[in-house]
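See below for the structure under consideration.
The values are calculated or read from the model by the stated rules, or taken from the named source; none is laboratory data. These numbers come from a predicted model, not from an experiment. Because the Cβ atoms are built from the backbone with ideal geometry, glycine has one as well, and the counts that use them run over all protein chains shown. Side chains are part of the model used for accessible areas, which takes the heavy atoms of the whole protein and leaves out ligands, DNA and RNA. Shrake-Rupley method; radii C 1.70, N 1.55, O 1.52, S 1.80 Å.
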Amino acid sequence: MNTHLREQCGKRRERRLRGNEETIAERFERDRTALLPLPEAAYEACEKRTARVSSLSLVRYRGNDYSVPSEYGHREVLVKGYVQEV
């Protein structure tokens with residue numbers, strides 16, 4: 001199956017789109033020079049908010065309270081809300 005898919009991808013890259021002189025592969029190589037390099041650090045797909053930890057070691061994020069270690073009590077912290085965890 002992988003071999004078949006690789007062959008099909010190769011055929012598509014050599015195909016010319018209607019109204020274009022270049023193949024898909026040629027256009028991609030031309031466009032690649034205009035792309036910016038990827039950043040050094042990985043992108044964190046999360047919402048970031050600052051919040052203050054209460055005296056009960058709780059921090060509020062989007063209407064819910066989350067417990068944190070007691071050493072963060074009464075401090076300003078950065079809360080990161082991911083899809084699956086906070």
Practice prompt. Two decimals is fine: what's Rg over Rh for the chain, C-alpha atoms, Kirkwood radius as Rh?
Written response: 1.38
Worksheet item: Taking all protein chains as present, what is the carbon and sulfur share of the accessible area of the stretch 47-86, in % to the nearest whole number, probe 1.4 Å?
Response: 47 percent
Discussion item. Over the chain, with the other protein chains present, what is the accessible area per residue in square angstrom, probe 1.4 angstrom?
Written reply: 91 Å²
Worksheet entry | Base-10 log of normalised Debye intensity for the stretch 39-81 (one unit scatterer per alpha-carbon) at q = 0.25 Å⁻¹ | -0.81
Discussion item. Just to confirm a number: summing +1 for Lys and Arg and -1 for Asp and Glu over residues other than Tyr82 whose beta-carbon lies under 9 angstrom from that of Tyr82, what do you get?
Written reply: -2
Worksheet item: In the chain, which longest range has no trypsin sites (Lys or Arg not before Pro) that are both DSSP loop (not H, G, I, E or B) and surrounded by at most 15 other Cβ atoms within 10 Å?
Response: 19-61
Practice prompt. Rank Val77, Thr23, Ser55 by how far each Cα sits towards the positive end of the charge dipole of the chain (+1 on Lys, Arg Cβ; -1 on Asp, Glu Cβ) and give me just the farthest.
Written response: Thr23
Worksheet item: Name the chymotrypsin sites (Phe, Trp or Tyr not before Pro) in the stretch 26-75 that are in a loop by DSSP and that have at most 15 other C-beta atoms within 10 Å, would you?
Response: Tyr43
